[in-house]
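The values are calculated or read from the model by the stated rules, or taken from the named source; none is laboratory data. Everything numeric here is computed off the predicted structure, so don't read it as measured data. Note that each Cβ is placed from the backbone with ideal geometry, even for glycine, and that neighbours are counted across all protein chains shown. All accessible areas refer to the heavy atoms of the entire protein, side chains included, with ligands and DNA or RNA removed. Shrake-Rupley method; radii C 1.70, N 1.55, O 1.52, S 1.80 Å.
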2 protein chains.
Amino acid sequence: MALIVQKYGGTSVGDVARIKSVALRCLAAQEAGHDVVVVVSAMSGETNRLMKLVAQITDRPDEREQDVVVATGEQVSIGLLAMAIHAQQGKATSFLGQQVRIVTDSTFAKARIKSIDAQPIRAALARGHIVVVAGFQGVDESGSVTTLGRGGSDTTAVALAAALNADACEIYTDVDGVYTSDPNMVPSARKLDRITYEEMLELASVGAKVLQIRSVEFAMKYKVPLWVKSSFTDDPGTLVCEEDSSMEDVLVRGVAYDRNEAKITVCGVPDVAGAAAKIFGPLDEKHIVVDLIVQNPSKDGRTDVTFTVGKADFLTAQEVVRKVAEEIGASGIETDGDIAKVSIVGVGMRNHSGVAARMFRALSAEGINIQMISTSEIKVSCVVQAKYTELAVRALHTAFGLDQPMPPEGVSAVSEMAALMGEKV
Amino acid sequence: MALIVQKYGGTSVGDVARIKSVALRCLAAQEAGHDVVVVVSAMSGETNRLMKLVAQITDRPDEREQDVVVATGEQVSIGLLAMAIHAQQGKATSFLGQQVRIVTDSTFAKARIKSIDAQPIRAALARGHIVVVAGFQGVDESGSVTTLGRGGSDTTAVALAAALNADACEIYTDVDGVYTSDPNMVPSARKLDRITYEEMLELASVGAKVLQIRSVEFAMKYKVPLWVKSSFTDDPGTLVCEEDSSMEDVLVRGVAYDRNEAKITVCGVPDVAGAAAKIFGPLDEKHIVVDLIVQNPSKDGRTDVTFTVGKADFLTAQEVVRKVAEEIGASGIETDGDIAKVSIVGVGMRNHSGVAARMFRALSAEGINIQMISTSEIKVSCVVQAKYTELAVRALHTAFGLDQPMPPEGVSAVSEMAALMGEKV
């Protein structure tokens, strides 16, 4: 008998019929002999409805009170799901964040979980109940309601799985797993059977929106086996797990893209110590997150500094940087909102050279100019003109052998792929 | 400086504009120098919306889980109102039932308050905050969310006023006070300045829907001065308070009616000991509340037993009684759903005879046949054919001198009224 934490997102509990079908899934897992803990989000559209009410009251809502309002969405869901399980002659008890002491810090609207009291859940499981827990919400040390930020229910589920030492955490969503790329863009994209926590983190950070980043970090930290599954099919889904040797054999696990960034170049920056600090300090003060940064080699004592920010921060960032450019005696700024970042991710590239070069060749072969490059241990990202997004992603998907079915694990995929590509890795 | 508990019902917080206007009222009370605690209901329509969701899940909802769902309505209201106060540069903190330990028994959907922890409220008041408390909800000993039943927010307000030893509890609603009768039915009905707790209880129990009965009982028990006021005007409203000698001078305070009952007669009941128990025991088992009961004098060893039940229970009651009638050898049952109960209420009738007789004369003068009669110390109720409701209520309103303005308190109203009526009391 295993202890399983299941999480159902907003579309999975989007209406009464779907809530009833989630109830049947929970009961099926229980009938299969498992202890079942279910985390649910607000019914789809509900959080937006509540945020609209808030916006009508004030455009600067008090964050503590905003959390009081938006936390109700999940509360409705847990009550309805518990009832739906009862209606099927099952046993279920719902718990609010506060009732299982999901204690968070007091950063309203994006609180972080500090501890969970597993005892009430264990007691209900021991009585044969399915335990239904409100996602997204917690309570701070002073007893105020807090919320974890959009997508926070994933984090609730993983944190519960860690606290209960669960055998698995299953994230049910409207897709049936993690894909080698966005299937809407790449028709040959294939569902992955497994992916490492680190790869999932990198994919999430470069735009693949299957799981909330924090939930993956949590799962990695506590080694919680994390399944991404569809609540509409019986597909086994994708397992997000620790890396093992067989997983290193795949050079690139997935290709992702992000069209949500914009580029700013500060031209002719006097190449003196502290210039970078003068540019990025004021951005940090405005809480603007800078992603890629590239500094050209200095020429005649001047250099160009280029960086990307989220499109939501684009206008504010321009204002800040324009002022800074003047102060430091730069010659001016250039901006470009029409860019995309394409990325390849895979733990296999840790042990293999030439991956970045192969990526650049694949893009070049399609005539795509690379504007910026950023690399990590298991990721290479290139900024290109936005119009090339689809072409670039598809080219990379093909170039790294992702159009073909994955080889059975244990077989060296890299050597096979190298053979396919007609070159040495 | 006084401590005032204000309660705003669903229509008073029915939309964002009204919530903003409630915020201004709260701030005005604070600016007048008072400590202000505000209890709010769910926005009008919200509780019904939630109950509809529940009904779509199951027609026999688990009561614990139903309370989890419906308690969210008030939670949204407190967050929005606290935000609206903030938006006006005020200070406010919202509290859920659980956060101020409004501890109730575990009778979900109609829980009763056992205790309240005034400490968090006093602490927030001491910091200069307006305290916004969710009405209608509490928490049982095991930490489950409970609700107090429809209209329960009135009870929350009065219970808080008692726990805080408040100087006044103001119930804001969409009418500006308690009237001598339903103004929609009796154009000459007048707003009362004062009414005793007992009179208010009797009026509520016979169909006047201004306040929830339990909240009046609570106010009477803890001697909380209770104001009924309009949230749309500045009218001083009606004070519900303890009886003093001047209030006894008014014979009849108000005339009420209730069209929500139905009548069942068990005919030819063998007049043996225990017959009544055999009829009413099974009704009690089905939790059907019986209101008026009349038993005719026995004739030839048989008698007729007539009683009224709420219309919602009419069909079930008929089934139960038909079975019982057979078992006890009664000759059959007769039913009538087309009735109304009209009542006169006033503490003054305690010390004066002839009130009931005057009521019967007034009805008789209009040709209205009285089907059943019930009396208490301060109330007389008559069941009549439903079509006579308006006529009966208006006739009684006139007969007991309620069409005229109340005499100033302290002057003997009874003698004045007797003079008006041209008869001795």
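When you scan the range A:31-45, do you find a residue that is within 9 Å of chain B (Cβ to nearest Cβ) and within 17 Å of A:G135 (Cα to Cα), even just one?
Of the range A:31-45, the ones within 9 Å of chain B (Cβ to nearest Cβ) are A:43.
Now drop any that are not within 17 Å of A:G135 (Cα to Cα), which leaves A:43.
Checking the range A:31-45: at least one residue is within 9 Å of chain B (Cβ to nearest Cβ) and within 17 Å of A:G135 (Cα to Cα).
Suppose we keep only residues that are of a type in the set (D, E, K, R) and in contact with a strand residue (DSSP E or B) (Cβ under 7 Å, 6 or more places away or on another chain) within the range A:52-90. Which one would you say is nearest to the other protein chains (Cβ to nearest Cβ)?
Initial filter on the range A:52-90 (of a type in the set (D, E, K, R)): A:52, A:59-60, A:62-65, A:67, A:74.
With in contact with a strand residue (DSSP E or B) (Cβ under 7 Å, 6 or more places away or on another chain) added as a condition, the list becomes A:65, A:67, A:74.
On the way: A:E65: 4, A:D67: 8, A:E74: 9 Å.
Within the range A:52-90, the match that is nearest to the other protein chains (Cβ to nearest Cβ) is A:E65.
Scan the range A:54-66 and report the pairs whose first residue is under 18 Å from A:D105 (Cβ atoms) and whose second residue is modelled with pLDDT under 95 and among the aliphatic types (A, V, I, L, M), with Cβ atoms within less than 6 Å and a gap of 6+ or a chain change.
A:E63/A:A109
Step by step: first the residues of the range A:22-48, then only those that are under 27 Å from B:K52 (Cβ atoms), open to solvent by 20 Å² or more (accessible area, probe 1.4 Å) and in contact (Cβ under 8 Å) with a residue 12 or more places away in the chain, then the one that is farthest from the chain's Cα centre (by Cα). Which residue is that? Spell out how you get there, then give the answer.
Taking the range A:22-48 as the starting set, the residues that turn out to be under 27 Å from B:K52 (Cβ atoms) are A:22-27, A:38-48.
Now narrow it down to the ones that are open to solvent by 20 Å² or more (accessible area, probe 1.4 Å): A:24-25, A:43-48.
From what is left, the residues that are in contact (Cβ under 8 Å) with a residue 12 or more places away in the chain are A:24-25, A:43-47.
Working: A:L24: 28, A:R25: 25, A:M43: 20, A:S44: 19, A:G45: 20, A:E46: 21, A:T47: 19 Å.
Among those that are under 27 Å from B:K52 (Cβ atoms), open to solvent by 20 Å² or more (accessible area, probe 1.4 Å) and in contact (Cβ under 8 Å) with a residue 12 or more places away in the chain, it is A:L24.
Can you say whether B:I344 is at pLDDT 95 or above, touching a Leu at 6+ places or on another chain (Cβ under 7 Å) and open to solvent by less than 30 Å² (accessible area, probe 1.4 Å), as far as the supplied structure shows? Show your work before the answer.
Details: at pLDDT 95 or above: yes; touching a Leu at 6+ places or on another chain (Cβ under 7 Å): yes; open to solvent by less than 30 Å² (accessible area, probe 1.4 Å): yes.
Answer is yes for this residue.
Every residue in the range A:131-153 that is at pLDDT below 95 and of a type in the set (D, E, K, R), please.
A:R150
Considering only the range A:162-200, state which residues are hydrophobic (A, V, I, L, M, F, W, C) and out of contact with any Leu (no Cβ under 9 Å at 6 or more places or on another chain). Don't jump to the end; show me each part of the working.
First, the residues of the range A:162-200 that are hydrophobic (A, V, I, L, M, F, W, C): A:162-164, A:166, A:168-169, A:171, A:175, A:178, A:185-186, A:189, A:192, A:195, A:200.
Answer for the range A:162-200, where residues must be hydrophobic (A, V, I, L, M, F, W, C) and out of contact with any Leu (no Cβ under 9 Å at 6 or more places or on another chain): A:A162, A:A163, A:V175, A:M185.
Which condition does A:A166 not pass, out of (1) away from every other protein chain (no Cβ under 14 Å); (2) touching a strand residue (DSSP E or B) at 6+ places or on another chain (Cβ under 8 Å); (3) assigned to a loop (DSSP other than H, G, I, E, B); (4) more than 18 Å from A:V36 (Cβ to Cβ), if it passes all the others?
Here A:A166 clears every test but (4).
I'd like the full set of residues that are among the small types (G, A, S) and in a helix (DSSP H, G or I), limited to the range B:200-228. Show your work before the answer.
Within the range B:200-228, the first condition is being among the small types (G, A, S), and the residues that meet it are B:204-205, B:207-208, B:215, B:219.
Listed by number, the residues that qualify are B:A204, B:S205, B:S215, B:A219.
Within the range B:325-333, identify whether any single residue is touching a Cys at 6+ places or on another chain (Cβ under 8 Å) and open to solvent by 60 Å² or more (accessible area, probe 1.4 Å), and answer yes or no.
Looking through the range B:325-333, at least one residue is touching a Cys at 6+ places or on another chain (Cβ under 8 Å) and open to solvent by 60 Å² or more (accessible area, probe 1.4 Å).
Can you tell me which residue among B:K114, B:K110 is farther than 20 Å from B:I4 by Cα and free of Cβ contacts under 8 Å to residues at least 12 places away in the same chain?
Working: B:K110 fails: free of Cβ contacts under 8 Å to residues at least 12 places away in the same chain.
It is B:K114.
From the list B:T11, B:T72, B:T47, which residue is modelled with pLDDT under 95 and in contact with a helix residue (DSSP H, G or I) (Cβ under 6 Å, 6 or more places away or on another chain)? Walk me through it before giving the result.
Details: B:T11 fails: in contact with a helix residue (DSSP H, G or I) (Cβ under 6 Å, 6 or more places away or on another chain); B:T72 fails: modelled with pLDDT under 95.
Criteria check complete, one pass: B:T47.
For a quick check of your reading: which strands (runs of 3 or more DSSP E) sit entirely within the range A:292-394 and have at least 1 residues that are under 21 Å from the mean Cα position of the chain (by Cα) and in the same structural domain as A:A277 (by TED's automatic domain parsing)? I'd like the intermediate steps shown before the answer.
On the way: elements: A:302-310, A:332-336, A:339-345, A:372-376, A:379-385.
Ranges flagged: A:302-310, A:339-345, A:372-376, A:379-385.
Return yes when A:G135 is more than 9 Å from chain B (Cβ to nearest Cβ), touching a Leu at 6+ places or on another chain (Cβ under 9 Å) and under 30 Å from B:D59 (Cβ atoms) and no when it is not.
On the way: more than 9 Å from chain B (Cβ to nearest Cβ): yes; touching a Leu at 6+ places or on another chain (Cβ under 9 Å): yes; under 30 Å from B:D59 (Cβ atoms): yes.
Yes; evaluated as a whole, the condition is true for this residue.
Within the group B:T156, B:T180, which residue is among the β-branched types (V, I, T), touching a residue at least 24 places away in the same chain (Cβ under 8 Å) and farther than 29 Å from B:V103 by Cα?
On the way: B:T156 fails: farther than 29 Å from B:V103 by Cα.
Testing whether each residue is among the β-branched types (V, I, T), touching a residue at least 24 places away in the same chain (Cβ under 8 Å) and farther than 29 Å from B:V103 by Cα leaves just B:T180.
For the range A:96-107, which residues satisfy the criterion of being buried (at least 24 other Cβ atoms within 10 Å of the Cβ) and more than 9 Å from every other protein chain (Cβ to nearest Cβ)?
Residues satisfying the conditions are A:G97, A:V100, A:I102, A:T104.
Could you tell me whether A:R122 is in contact with a Phe, Trp or Tyr (Cβ under 9 Å, 6 or more places away or on another chain), over 16 Å from B:Q75 (Cα atoms) and open to solvent by 40 Å² or more (accessible area, probe 1.4 Å)? Please lay out each step first, then the result.
Working: in contact with a Phe, Trp or Tyr (Cβ under 9 Å, 6 or more places away or on another chain): no; over 16 Å from B:Q75 (Cα atoms): yes; open to solvent by 40 Å² or more (accessible area, probe 1.4 Å): yes.
Considered against the rule, which asks whether it is in contact with a Phe, Trp or Tyr (Cβ under 9 Å, 6 or more places away or on another chain), over 16 Å from B:Q75 (Cα atoms) and open to solvent by 40 Å² or more (accessible area, probe 1.4 Å), A:R122 comes out as no.
Being part of a helix (DSSP H, G or I), within 14 Å of chain A (Cβ to nearest Cβ) and in contact (Cβ under 8 Å) with a residue 24 or more places away in the chain is the filter here, so list the residues in the range B:3-17 that pass it. Please lay out each step first, then the result.
Quick first cut of the range B:3-17, residues part of a helix (DSSP H, G or I) only: B:11-13, B:16-17.
Keeping just the survivors that are within 14 Å of chain A (Cβ to nearest Cβ) gives B:13, B:16-17.
Listed by number, the residues that qualify are B:V13, B:V16.
Within the range A:262-299, how many residues turn out to be in contact (Cβ under 8 Å) with a residue 12 or more places away in the chain and within 30 Å of A:N351 (Cα to Cα)?
6
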